[in-house]
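Notes to accompany the following structure.
The values are calculated or read from the model by the stated rules, or taken from the named source; none is laboratory data. Just so it is clear, the model here is predicted, and its values are computed rather than measured. Cβ: placed from backbone, ideal geometry, glycine included. Neighbour counts: every protein chain shown. In case anyone asks, the SASA skips ligands and DNA or RNA and just uses the protein heavy atoms, side chains included. Shrake-Rupley method; radii C 1.70, N 1.55, O 1.52, S 1.80 Å.
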Amino acid sequence: MGRLDGKVAIITGAARGQGEAEARLFAEEGARVVLGDVRDDLGMAVAASIGESALYLHHDVRSEEDWTRVVATARDRFGKLDVLVNNAGVLHFAPIADIELDDYLRVIQVNQVGCLLGMKSVIPAMLEAGGGSIVNISSTAGLTGTAGLVAYGSSKWAIRGMTKVAALELGPLGIRVNSVHPGGIDTAMGRGDARGFEKVDTGGVYASLPLGRIGQPLEVARLALFLSSDESSYCTGSEFTIDGGMTAGPKLA
């Protein structure tokens, strides 16, 4: 039996990177998966390659209307909703002295507001299903300060805080909520494909970690799988760090 047999999941930002890895792994473990993203060609290709257990929908996580439509479609197509992985996110690198307000607000809207709308939108469907699990993808930037990431860090600290509030409010209703805090992961974003991030020496950062390498999307997907499955039935309101030792402290020479 698969670890998610019988469960239905929505995964945002699922057209590539961590979201794609989560969608593929969840389907392999028996879940029916709704993939949401704004990169429609990529998302449709991923869903088609997974097969009948996957459905792609255009999904701008900043839009309440999109959330309402995606949740309703998941229930109509697969009968219920058990899991939400709030994975969609954007990154912008700029010092506080230089950041433009529009860039700051864009990151907050996608990362922070998108997560809030997701949690709010799935509550009725999860109550109808008898409970569920919400996995909010934060970052190590939501655990420590990172120079140049004021917008991203603000949004990821907010996700951490919202997760704890949601765990308190939704636990009595049978809905668990946890946050995942990846460090550097081998995705376009992790390799520096973000506004203002082009000059950052990401290779040097990863080489300096205790494990000496960048993380892989599948490694994050496995953690999200655990938190989405019944194996984590007593976990809620917690942070789960997956960072190769980045936040453990300085590496000794």
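I want to confirm something. Restricting to region 91-104 and keeping residues that are touching a residue at least 40 places away in the same chain (Cβ under 8 Å) and assigned to a helix (DSSP H, G or I), which single residue is nearest to V150 (Cα to Cα)? Taking the candidates together, the pick is Y104. Tell me, yes or no, whether region 185-204 has at least one residue that is at pLDDT below 90, touching a strand residue (DSSP E or B) at 6+ places or on another chain (Cβ under 6 Å) and open to solvent by 50 Å² or more (accessible area, probe 1.4 Å). Looking through region 185-204, at least one residue is at pLDDT below 90, touching a strand residue (DSSP E or B) at 6+ places or on another chain (Cβ under 6 Å) and open to solvent by 50 Å² or more (accessible area, probe 1.4 Å). Selection of region 128-137 for residues being open to solvent by 30 Å² or more (accessible area, probe 1.4 Å) and assigned to a loop (DSSP other than H, G, I, E, B) yields only G130. Filtering A74, A88 for residues that are part of a helix (DSSP H, G or I), in contact (Cβ under 8 Å) with a residue 60 or more places away in the chain and among the small types (G, A, S) leaves a single hit, A74. Would you mind finding the one in R3, R32, R39 that is over 18 Å from the mean Cα position of the chain (by Cα) and open to solvent by 50 Å² or more (accessible area, probe 1.4 Å)? Of the residues listed, the single one that is over 18 Å from the mean Cα position of the chain (by Cα) and open to solvent by 50 Å² or more (accessible area, probe 1.4 Å) is R3. For A125, the criteria (1) part of a helix (DSSP H, G or I); (2) open to solvent by 10 Å² or more (accessible area, probe 1.4 Å) hold in every case but one, which is (2).
Among the numbered conditions (1) over 16 Å from W157 (Cβ atoms); (2) outside any helix (DSSP H, G or I), the only one that K120 does not meet is (2). Against the condition without any contact (Cβ under 8 Å) to a residue 60 or more places away in the chain and open to solvent by less than 60 Å² (accessible area, probe 1.4 Å), how does H59 come out, does it pass? So H59 passes the test.
Is it the case, given these coordinates, that R77 is of a type outside the set (V, I, T), surrounded by fewer than 21 Cβ atoms within 10 Å (Cβ to Cβ) and over 30 Å from A147 (Cα atoms)? So R77 fits the description; yes. The set of residues in region 138-171 that are among the charged types (D, E, K, R) and either surrounded by fewer than 20 Cβ atoms within 10 Å (Cβ to Cβ) or outside any helix (DSSP H, G or I) (or both) comprises R160, K164, E169.
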